[in-house]
1. What are the trypsin sites (Lys or Arg not before Pro) within the stretch A:169-236 that DSSP puts in a loop, where the Cβ has at most 15 other Cβ atoms within 10 Å?
2. List A:Arg51, A:Arg269 from most exposed to least, where exposure is judged by having the fewest other Cβ atoms within 10 Å.
3. Work out the P(r) tail for the stretch A:1-147: percent of alpha carbon pairs separated by more than 22 Å, whole number.
4. Compute the orientation-averaged projected area for chain A from the convex hull of its Cα atoms and round it to one decimal in nm².
5. Pull up the cross-link candidates among the lysines for A:Lys325, meaning alpha carbon to alpha carbon under 29 Å and not fewer than 8 places away within one chain.
6. Relative to the longest principal axis of chain A, what angle (0 to 90°, nearest 10) does the C-alpha long axis of helix A:240-261 take?
7. Which percent, nearest 5, of DSSP beta bridges in the stretch A:77-192 are antiparallel?
8. What angle do you read, to the nearest 10 degrees and between 0 and 90, between the alpha-carbon axis of helix A:282-313 and the longest principal axis of chain A?
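Values quoted throughout were computed directly from the atomic coordinates according to the rules given, and no laboratory measurement underlies them. On a predicted model such as this, the values are computed, not experimentally measured, just so you know. No Cβ is skipped: glycine too gets one built from the backbone with ideal geometry, and neighbour counts run over all protein chains shown.
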Amino acid sequence: MASWIDRQKNVLDFTLSSLLRRKGKNLALLAVYTLLVFLMASVMLATSAIRKEASTVLREAPEMVVQRTVAGRQDPIPLAYLEKIRDIAGVVSSDGRLWGYYYDPVVGANYTLLVPREDGPDPGTVTIGPGVARARMASTGDTLEFKGASGALIELVVGDILSTDSELVASDLVLLSAADYGAIFGPADGLATDLVVRVANPRELQTIALKIAERFPDTRIILRDEMLRTYDAVFSWRGGILAILLFGVVLAFVIVSWDKASGLSQEERREIGILKAVGWETSDVILMKFWEGAVVSLSAYFIGVLLAYIHVFFFSARLFAPVLKGWAVLYPQFRLIPFIDASQLTALFFLTVVPYAVATIIPSWRASVTDPDAVMKGIR
Amino acid sequence: MMRRTRSFGLFMLGLLVLFVLMAAHAALSVRGAGPVLREEARLVRRFELTDLCLSTEANYTRHLSLADFHTAFQDHPLALEHFPSGALLGPPPHLRRSHGQLD
């Protein structure tokens with residue numbers, strides 16, 4: 001056992017010397033490799049954290065949302081629908097939600113205006129999300145102007161600002177009274193933006209949804225399960241953002257590995273030839289190349305994942321921010337909670353370290369089974 | 001003779017220690033995130049919210065789960081349009097239901 005360890009140490013020592021002889025090339029390779037692992041790990045960590053947080057937080061979302069479609073567009077839904085919905089067996093309660101989007105021409109940001117059903121702000125005041133406060137540089141007691149449906153400017157006093165802890169769910173929220181909502185968007189007597197339905201038994205959701213759809217063919221129904229699955233799907237491996245971002249990175253990694261697997265440089269071939277000439281066995285050469293691959297890939301994996309962790313959870317994935325931010329002015333500045341998915345890190349390990357190690361060994365094995373003289377002369 | 005091996009060993013050990021520290025930081029952060037998650041969940045329940053606020057660029061990326069395909073001529077996720085977030089965030093799965101496996 002001791003001799004086996006000594007052998008590994010000797011080969012590793014030789015490998016490190018060999019790597020240091022081509023310092024520039026190997027450092028560049030390590031940098032590129034680390035960058036690829038960093039990008040893949042950043043995407044994985046960020047999306048996994050968003051998925052986990054969404055699944056935790058949105059468990060409290062309404063069980064069922066009913067929207068109305070008129071002439072191919074979502075339209076306010078009559079509150080008269082509520083009575084018939086409440087008549088359906090299994091429905092505990094049903095209420096209208098008043099909410100809408102408001103484009104603020106002052107800063108060019110979009111807000112989500114919402115009327116809380118209970119404990120909402122008094123008429124003339126608003127409670128704003130932290131993102132709105134940032135965009136408008138507003139604090140409690142300041143006045144925000146909104147352009148009303150009649151064209152008149154409506155001034156609302158900021159009564160409260162939601163805590164920065166709520167950034168991920170309420171960054172762009174403007175909570176206001178039903179009267180102010182009506183003044184901004186026009187009176188909506190007997191109408192709501194959509195309806196929320198609560199049921200006694202969650203297993204009856206599908207049946208109740210079908211009954212609502214039968215009674216009101218102009219509606220579409222979104223279940224809480226569908227809301228949860230949306231985030232699970234959009235931020236999963238197969239989801240849009242991951243698939244698109246990972247595609248480029250994986251392709252780059254394949255090119256690096258392919259370059260390694262497709263052959264050795266003249267200098268590396270000569271080195272193998274000399275080693276064989278001085279008495280190294282094929283297995284020694286392969287062991288040396290295994291260590292070479294392991295040194296580079298393990299270093300790149302650990303450094304890449306650590307940098308990705310810092311990037312995502314200490315700097316709020318700043319590199320990806322422009323993707324989600326797009327042309328928006330109001331951008332939620334949330335700090336993701338580091339829910340680490342160990343299986344994803346393991347998958348990343350096998351996706352990056354193993355193929356590279358194999359790609360390093362194959363051409364070396366080809367070179368080491370050839371006659372040393374031929375290898376040194378550069379003949380295959 | 002063994003200097004480089006030892007240096008590399010120490011280097012890898014350092015990285016492993018940092019890795020363990022990273023896992024410990026994550027575990028502690030998740031444990032300490034209880035109040036934040038509770039506050040978010042409280043707001044979701046109180047205001048009957050349906051989505052996370054990840055992007056405020058387009059309605060279908062602000063309210064991902066309320067996006068739809070069926071309203072005529074409406075932009076939708078992955079449509080050829082000019083919002084970067086819309087081009088990257090896919091449509092919700094309930095819009096991609098198939099009627100059955102054909103293969």
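1. Qualifying residues, ordered by number: none.
2. Ascending number of Cβ neighbours within 10 Å: A:Arg51, A:Arg269.
3. Working: 7675 of 10731 pairs.
Across the stretch A:1-147, Cα pairs with separations above 22 Å total 72 percent.
4. Its average projected convex-hull area is 27.0 nm².
5. Leaving aside lysines fewer than 8 places away in the same chain, those within reach of A:Lys325 are A:Lys52, A:Lys147.
6. For helix A:240-261, the angle is close to 0 degrees.
7. Details: 16 of 23 bridges.
The answer is about 70 percent antiparallel.
8. Result, in degrees: 20.
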